[in-house]
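Remarks on the structure that follows.
The values are calculated or read from the model by the stated rules, or taken from the named source; none is laboratory data. Bear in mind the structure is a predicted one, so any value in this text is a computation, not a measurement. Ideal geometry is used to build each Cβ from the backbone, glycine not excepted, and the neighbour counts take in all protein chains shown.
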Amino acid sequence: MSRSPGRKQENHKISRELFVLTYGALVAQLCKEYEKDEDVNACLDRMGYSIGIRLIDDFLARSAVKKCRSYSETADMIAQVAFKMYLGVTPSVSCNSVTGNEFSLILDKNPLVDFVEELPAERASLCYCNLLCGVIRGALEMVHLAAEVSFLQDRLKGDAVTEIGITFLRKSEDRRHRRN
Amino acid sequence: QAVWLALLQNYPLYIRSVPTENELKFHYTVHTSLDVVDEKISAMGKALVDQRELYLGLLYPTEDYKVYGYVTNSKVKFVMVVDSSNTALRDNEIRSMFRKLHNSYTDIMCNPFYNPGDRIHSRAFDTMVNSMMMQVC
């Protein structure tokens, strides 16, 4: 499965600064519109979800990967192929549970927070990169894998590392695409 | 050996001095130097795009101090005041300090939570300024 031949194959590169500044402006604007951090986080998650359900097809077309046979393979795929493809970084993956359905992605470098030194004092529980959680959740849902995705640790909040937790829920039997 | 640094956009955005006495005299010196800066900017007219022209050089020497100026394309002024007795400090060193300041200032501008015109509260900026000023003293 590959992109149609009519589409030009070159990699359109746009400036990293532009992307990072755009994301920053998005978060700053949401902070102006919503008083509570939870509302901003939820909004970022919804936006991310909306991106994820569309991005997955682009990802599958471009990476031409085979179907993952386990949750562990899926987590590796997200970290080593998807993150690399879209953000240029490769988080490390670790499995958090004996049952094999909880994983962590540890981000050493996060381009989205290039210019953000620390969260403003009044926004202490803001998950600045919550969009990423929504993207992962939406993408997984489109391949019929229900998951909960959230930030377990965040360097911006003073933690040592930035860690995204993915918990795979029971495989969704429902074949109908339910939108959020 | 003392050195003072101010970033202003007609009102102060950031002020740091080592040591911290004599603040009033420093503020006075910086404010008078703003007039000199404005003079130099208007003298240059519209040609203020070259990196070399951002550096305004020695604004004016008083008996105690030497005052150096730098202005960004967005008209933010950096003013550095050093003791006259500090003869070890050369022009190109001052230039490179202003360039470092300008780079750090650009990073601050890129912070989505920083509103242009706010006072600058940034640990990274403070660290950079500290190490720079330690070199001068």
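Please work out which one of (1) under 20 Å from B:SER33 (Cβ atoms); (2) within 14 Å of chain A (Cβ to nearest Cβ); (3) without any contact (Cβ under 8 Å) to a residue 40 or more places away in the chain is the condition B:THR62 fails and give its number.
For B:THR62, the failing item is (2).
When you check B:TYR60 against the structure, is it under 28 Å from B:MET134 (Cα atoms) and either of a type in the set (Val, Ile, Thr) or modelled with pLDDT of 75 or more (or both), yes or no?
Values: under 28 Å from B:MET134 (Cα atoms): yes; either of a type in the set (Val, Ile, Thr) or modelled with pLDDT of 75 or more (or both): no.
So B:TYR60 fails the test.
Tell me the residue from B:ALA88, B:ALA124 that is more than 24 Å from B:ILE41 (Cβ to Cβ) and either within 14 Å of another protein chain (Cβ to nearest Cβ) or of a type in the set (Asp, Glu) (or both), please. Break it down into steps so the answer makes sense when it comes.
Values: B:ALA88 fails: either within 14 Å of another protein chain (Cβ to nearest Cβ) or of a type in the set (Asp, Glu) (or both).
Only one candidate passes the filter, namely B:ALA124.
Please specify each residue of region A:38-56 satisfying the condition of being buried (at least 17 other Cβ atoms within 10 Å of the Cβ) and among the charged types (D, E, K, R).
If the condition is that a residue be buried (at least 17 other Cβ atoms within 10 Å of the Cβ) and among the charged types (D, E, K, R), then A:ASP45 is the only one that fits.
So A:THR90 fits all but one of (1) more than 14 Å from every other protein chain (Cβ to nearest Cβ); (2) touching a residue at least 60 places away in the same chain (Cβ under 8 Å); (3) in contact with a helix residue (DSSP H, G or I) (Cβ under 6 Å, 6 or more places away or on another chain); what number is the exception?
(2)
Go through region A:104-146 residue by residue and tally those that are assigned to a loop (DSSP other than H, G, I, E, B), more than 14 Å from every other protein chain (Cβ to nearest Cβ) and either closer than 22 Å to A:SER92 by Cα or at pLDDT 95 or above (or both).
Filtering region A:104-146 down to residues assigned to a loop (DSSP other than H, G, I, E, B) leaves A:108-110, A:114-120, A:124-129, A:143-146.
In the following step, the residues that additionally are more than 14 Å from every other protein chain (Cβ to nearest Cβ) were identified as A:108-110, A:125, A:127, A:143-146.
Still in the running and either closer than 22 Å to A:SER92 by Cα or at pLDDT 95 or above (or both): A:108-110, A:127, A:145-146.
The number of residues fulfilling the criteria is 6.
Among the residues of region B:84-105, is there at least one that is over 22 Å from B:CYS137 (Cβ atoms) and among the β-branched types (Val, Ile, Thr)?
No, because not a single residue in region B:84-105 is over 22 Å from B:CYS137 (Cβ atoms) and among the β-branched types (Val, Ile, Thr).
In this structure, is B:ASN130 polar (S, T, N, Q) and either touching a strand residue (DSSP E or B) at 6+ places or on another chain (Cβ under 6 Å) or assigned to a helix (DSSP H, G or I) (or both)? Explain how you work it out, then say what you get.
Numbers: polar (S, T, N, Q): yes; either touching a strand residue (DSSP E or B) at 6+ places or on another chain (Cβ under 6 Å) or assigned to a helix (DSSP H, G or I) (or both): yes.
For B:ASN130, the condition - polar (S, T, N, Q) and either touching a strand residue (DSSP E or B) at 6+ places or on another chain (Cβ under 6 Å) or assigned to a helix (DSSP H, G or I) (or both) - is met.
Could you run through region A:91-112 and say how many residues are of a type outside the set (Asp, Glu) and under 16 Å from the mean Cα position of the chain (by Cα)?
The initial filter retains those residues of region A:91-112 that are of a type outside the set (Asp, Glu), namely A:91-101, A:103-107, A:109-112.
Within this subset, residues satisfying the condition of being under 16 Å from the mean Cα position of the chain (by Cα) are A:91-93, A:103-107, A:109-112.
Here the count works out to 12.
Looking at this structure, is A:LEU131 buried (at least 16 other Cβ atoms within 10 Å of the Cβ) and within 13 Å of the chain's Cα centre (by Cα)? Break it down stepwise before answering.
On the way: buried (at least 16 other Cβ atoms within 10 Å of the Cβ): yes; within 13 Å of the chain's Cα centre (by Cα): yes.
When the stated conditions are applied, A:LEU131 passes them.
Name the pairs: first residue in region A:18-37 and within 11 Å of chain B (Cβ to nearest Cβ), second residue among the aliphatic types (A, V, I, L, M) and outside any helix (DSSP H, G or I), Cβ to Cβ under 8 Å, at least 6 apart or on different chains?
Within 8 Å, the pairs are A:GLY24/A:VAL116; A:VAL27/A:LEU126; A:CYS31/A:LEU126.
For A:LEU44, are the conditions met, namely being farther than 30 Å from B:ASN103 by Cα, in contact with a Gly (Cβ under 9 Å, 6 or more places away or on another chain) and within 14 Å of chain B (Cβ to nearest Cβ)?
Values: farther than 30 Å from B:ASN103 by Cα: yes; in contact with a Gly (Cβ under 9 Å, 6 or more places away or on another chain): yes; within 14 Å of chain B (Cβ to nearest Cβ): yes.
Yes, satisfied.
Count, please, the residues in region B:101-125 that happen to be closer than 27 Å to B:GLU21 by Cβ and either free of Cβ contacts under 8 Å to residues at least 12 places away in the same chain or surrounded by 14 or more Cβ atoms within 10 Å (Cβ to Cβ) (or both).
The qualifying residues number 8.
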